[in-house]
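The values are calculated or read from the model by the stated rules, or taken from the named source; none is laboratory data. All values derive from a computational prediction rather than experimental measurement. Virtual Cβ from ideal backbone geometry, glycine too; neighbours counted across all protein chains shown. Accessible surface is based on the protein model in full, side chains and every heavy atom, while ligands, DNA and RNA are left aside. Shrake-Rupley method; radii C 1.70, N 1.55, O 1.52, S 1.80 Å.
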Amino acid sequence: VIGKGMTPPQKTLFPPEKICMDWRQKRRPGAGLFNLGSTCYLNVVLQCLTYTPPLANYLLSRQHSRLCHQQGFCMMCIMEDHVRKVLYSSATAIRPRAVIRDLKFIGEFKPDIPGDAYEFLRCTLNAMHRACLSGSSDLDVSSQETTIIHQIFGGFLRSRVTCLSCKTVFDFFKVFLDVLLKIKGASSLTTALEDFVKPKQMDGKKFFKCSKCKKKVAASKMVTVHHAPRVLTVCLGRADHGSSRKLSQVVEYPEYLDLRPYMSDPAGEPVLYSLYAVVVHNGHTCLGGHFFCYTKASNGQWYKMNDVFVDSCGIHTVLGQQAYLLFYAR
């Protein structure tokens, strides 16, 4: 097997043993968020991140801002402030003003134009990751992937490519902060995950250049989760790329998920996750419509969070949604 992409880091920026997966303090749910234009897409992401226990624990400890020397925009400082406001506020709803003010630094977003929650999640985690790197220059790539953001959300995928001519096996590893699943024809999260790890033929435009055969060859490729993240974020790809329509079928998802069958070593101990947040999209196309979410607060109760409204609900309601983003924690 010829492998590449898993070099050990020279320096660990955030020690993984310092991550606390359970809430340090239990309390009632925090405030709702005002929709300031067309900002439901960012409200749901902010709420899901606020109820991500290892991230909230870290942000509430103010470890970042105490040592931050960043001039101007810093996504970690903004999130620290936001999570404190939401969880400690006596108001029923607050305005996420700082996030809106600095939207242009997070990504290609404008407050009065509807955005995509998945895109906003990726950009927000990236901006937080960059904020953790500010001030550390000359780090090798593997060391850059040891920020608290990568320690919480990051895992590794392995692409195993087999040359069909000489049968040589090549392994390529790459880091991920979320998994995007195709759902066309999938009735459940497990069938979508099974399809994700199924070997696929590489031919036509996707020919593989085999370094043994020294030419482009037909090959098969199998992607598996090589290193499981502490928090698994899944996007059920509802955009039908053939049309601008949305794939609105029901995709069932469980409260508890074992990731082991989809890993490079499928025979080991179970790798168990528990659902703690779900983003739902209402609407016929992916460009318009409305986002709301369900999150599990530190008191163990589920709540529907729809902009300013925060209402308690049961797990059956949570599991019966047309989900777009799923958040699972180990």
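Helix 75-88 sits at what angle to the longest principal axis of the chain, using alpha carbons and giving 0 to 90 degrees rounded to 10? The two axes meet at around 50 degrees.
The label point for GLN301 and the one for ALA228, both projected 7 Å from the Cα toward the Cβ, are 3.1 nm apart.
Please identify every one of the trypsin sites (Lys or Arg not before Pro) in region 142-187 that sits in a loop by DSSP and has no more than 13 other beta carbons within 10 Å of its own beta carbon. Write out the running numbers ahead of the final one.
Details: sites: ARG158, ARG160, LYS167, LYS174, LYS182, LYS184; in loops: LYS167, LYS184.
Taking region 142-187 and a limit of 13 other Cβ atoms within 10 Å, the loop trypsin sites (Lys or Arg not before Pro) found are LYS167, LYS184.
Compactness of the chain was expressed as the Cα radius of gyration divided by 2.2 N^0.38 Å, which yields 1.03. Here's the list of aspartates and glutamates a cross-link from LYS212 could span, going by alpha-carbon distance under 19 Å and ignoring same-chain residues fewer than 8 apart: ASP171, ASP203.
Just by accessible area at a 1.4 angstrom probe, what is the order of ILE315, ILE149 from largest to smallest?
Details: ILE315 45, ILE149 0 Å².
Sorted descending by solvent-accessible area, the residues read ILE315, ILE149.
About its Cα centre, the dipole of the chain is roughly 800 debye, where the only charges are +1 on Lys and Arg Cβ and -1 on Asp and Glu Cβ. Each residue of region 39-55 was assigned a 3J(HN,Hα) from its phi angle through the Karplus curve 6.51 cos²θ - 1.76 cosθ + 1.60 (θ = phi - 60°); the sequence is 10, 4, 5, 8, 4, 5, 5, 4, 5, 4, 5, 4, 9, 8, x, x, 6 Hz, with glycine and proline shown as x.
D for region 255-303, whole µm²/s, Stokes-Einstein with Kirkwood Rh over alpha-carbon pairs at 20 °C and 1.002 mPa s: what number?
Values: Rh = 13.5 Å.
Once the numbers are plugged in, D ends up at 158 µm²/s.
The amide H of VAL271, built 1.01 Å from its N in the peptide plane, has LEU259, ARG260 as neighbours under 5 Å, considering only residues 5 or more places off or on other chains. For region 212-304, the list of trypsin sites (Lys or Arg not before Pro) that fall in a loop by DSSP and count at most 15 other C-beta atoms within 10 angstrom reads LYS212, LYS214.
By DSSP, what percent of the beta bridges with both residues in the chain are antiparallel, rounded to the nearest 5?
On the way: 53 of 64 bridges.
That works out to approximately 85 percent antiparallel.
A probe of 1.4 angstrom, applied to the heavy atoms of all protein chains, finds HIS227 with accessible area near 90 square angstrom.
Hey, what's the chain come to in accessible area per residue, 1.4 Å probe, Å²?
Details: 16210 Å² over 330 residues.
For the chain, the per-residue accessible area is 49 Å².
Taking 30 Å as the cut-off for C-alpha to C-alpha distance, list the pairs among LYS174/LYS216; LYS104/LYS198; LYS11/LYS174; LYS200/LYS304; LYS246/LYS304 that go past it. Pairs exceeding 30 Å: LYS104/LYS198; LYS200/LYS304.
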